[in-house]
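Before any comments, here is the structure.
No lab work stands behind these numbers, since they all come straight from the coordinates. The structure presented is a predicted model; accordingly, all values stated were derived computationally and were not measured.
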Amino acid sequence: MLLVGATGTAKSDIMPSGIAYVAGEDWTATADAPIARGSPVRVRRVEGVRLIVEPTQPAEPKRGGA
């Protein structure tokens, strides 16, 4: 399973570690900066069974053409 680049949600505050829901599973996650519970995250790298994540913006809905 390729996790680097995958997106998910912080299930707990990640300060600097917590739980993130990514690829249908809960993972122990660590981040360089605090991430609030419920915020979207992206996986930067994997260290064993721990994900190193960063905050990301939710995808914006696509708008119709002019």
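Data table
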quantity: Prolate/oblate/rounded label for the stretch 6-57 (Cα gyration tensor, a/c 1.5); calculated: rounded
quantity: Length-normalised contact order for the stretch 1-57 - Cα pairs under 8 Å, 6+ apart - percent; calculated: 34
